[in-house]
1. Report yes if Tyr148 is crowded, with 17+ Cβ neighbours inside 10 Å, within 24 Å of Phe124 (Cα to Cα), in contact with a Pro (Cβ under 8 Å, 6 or more places away or on another chain) and not polar (S, T, N, Q), otherwise no.
2. Quick check: is even one residue across the range 44-54 in contact with a Lys or Arg (Cβ under 7 Å, 6 or more places away or on another chain) and closer than 18 Å to Thr192 by Cα?
3. Quick check on my filter: what residues within the range 192-219 are out of contact with any Gly (no Cβ under 6 Å at 6 or more places or on another chain), of a type in the set (Val, Ile, Thr) and within 14 Å of Gly26 (Cβ to Cβ)?
4. Of the residues that make up the range 155-169, is at least one within 18 Å of Phe28 (Cβ to Cβ), of a type outside the set (Gly, Ala, Ser), at pLDDT 95 or above and part of a loop (DSSP other than H, G, I, E, B)?
5. Looking at the range 197-228, which of its residues are surrounded by fewer than 16 Cβ atoms within 10 Å (Cβ to Cβ) and touching a helix residue (DSSP H, G or I) at 6+ places or on another chain (Cβ under 6 Å)?
6. Across the range 175-199, what is the total count of residues that are in a loop (DSSP other than H, G, I, E, B) and at pLDDT 95 or above?
7. Quick one: what pairs do we get from the range 88-115, first residue among the hydroxyl-bearing types (Ser, Thr, Tyr), second in a helix (DSSP H, G or I), C-beta under 9 Å, 6+ apart or different chains?
8. Name the pairs whose Cβ atoms lie under 7 Å apart, with the first residue in the range 47-74 and on the phi > 0 side of the Ramachandran plot, the second assigned to a loop (DSSP other than H, G, I, E, B) and acidic (Asp, Glu), and 6 or more positions between them or separate chains?
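The values are calculated or read from the model by the stated rules, or taken from the named source; none is laboratory data. Quick caveat: nothing in here was measured; it's all calculated off a predicted structure. Quick reminder, even Gly has a Cβ in these numbers, built from the backbone with ideal geometry, and neighbours come from all protein chains shown.
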Amino acid sequence: MPINKVFPNFEEAVADVHDGATIMFGGFIGKPGSPTYLIRALRDKGARNLTTVSNRCGGGMDLDMLFEARQVRKAIAAAPVPVSRQPLSPFEKQYLAGEIELEMVPQGTLVERMRAAGAGLGGFYTPAGVGTLIAEGKEKKTIDGKEYILELPLKADFAFIRAHKADKMGNLTYRRSQRSFNPIMAIAAKVTIAEVDEIVEVGELDPEAIVTPTIYVDRIVKRPRREE
């Protein structure tokens, strides 16, 4: 009998997210691929001193609601906010006031650090960031006459991701730009929670279309039919 990973609601799916947790949030820019309802449930739960890992963390993002509620201690991101956006996002206001910590990571490095975590690697050398503030305090190595810096794996306690379809075992498919960071985050967290548009029976998904296999998914929750 296949394992059923379906949770009845978003509140139960995030019930064990603790204060001080590190959480990865899928999505790229704006709403596509963003786990909107999981983020709302986390805001309502009230867990605090969180570390967020995302491509962007302010300015028209679902994550704005966590910063508005002052639940975040540190943000790790590649492109924290859009350029020349007014008014300032909740994240920007808190960062400029010295109330929140930011770790900037080049986008490719961010993805590779998560992949390294999922693959069980100890890190990797990259030329991205050499000669910039990003390289400060990091081990450097010259390979074939070129300088590289050592980047370490990036792990999380939870990954909140968005997918299109899931079967009850947790195999996932994605739709267009929904995919973005979601599959790579799914492999880098202790607990991966997927917010999906549709849940089907085991065997209904085309195996060739499955991007994230069940082994990386712990919980599934179905989104409401219409955005609230």
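1. yes
2. Yes, some residue in the range 44-54 is in contact with a Lys or Arg (Cβ under 7 Å, 6 or more places away or on another chain) and closer than 18 Å to Thr192 by Cα.
3. Once the filter is applied, which keeps residues that are out of contact with any Gly (no Cβ under 6 Å at 6 or more places or on another chain), of a type in the set (Val, Ile, Thr) and within 14 Å of Gly26 (Cβ to Cβ), the range 192-219 yields Thr192, Ile193, Val196, Val211, Thr212.
4. Looking through the range 155-169, none of the residues is within 18 Å of Phe28 (Cβ to Cβ), of a type outside the set (Gly, Ala, Ser), at pLDDT 95 or above and part of a loop (DSSP other than H, G, I, E, B).
5. Within the range 197-228, just Val211 meets the criteria.
6. Selection size over the range 175-199: 2.
7. If the second residue must be in a helix (DSSP H, G or I), the pairs left are Ser89/Asp64; Ser89/Phe67; Thr109/Ile134.
8. Short answer, once both residue conditions are applied: Asn49/Asp19.
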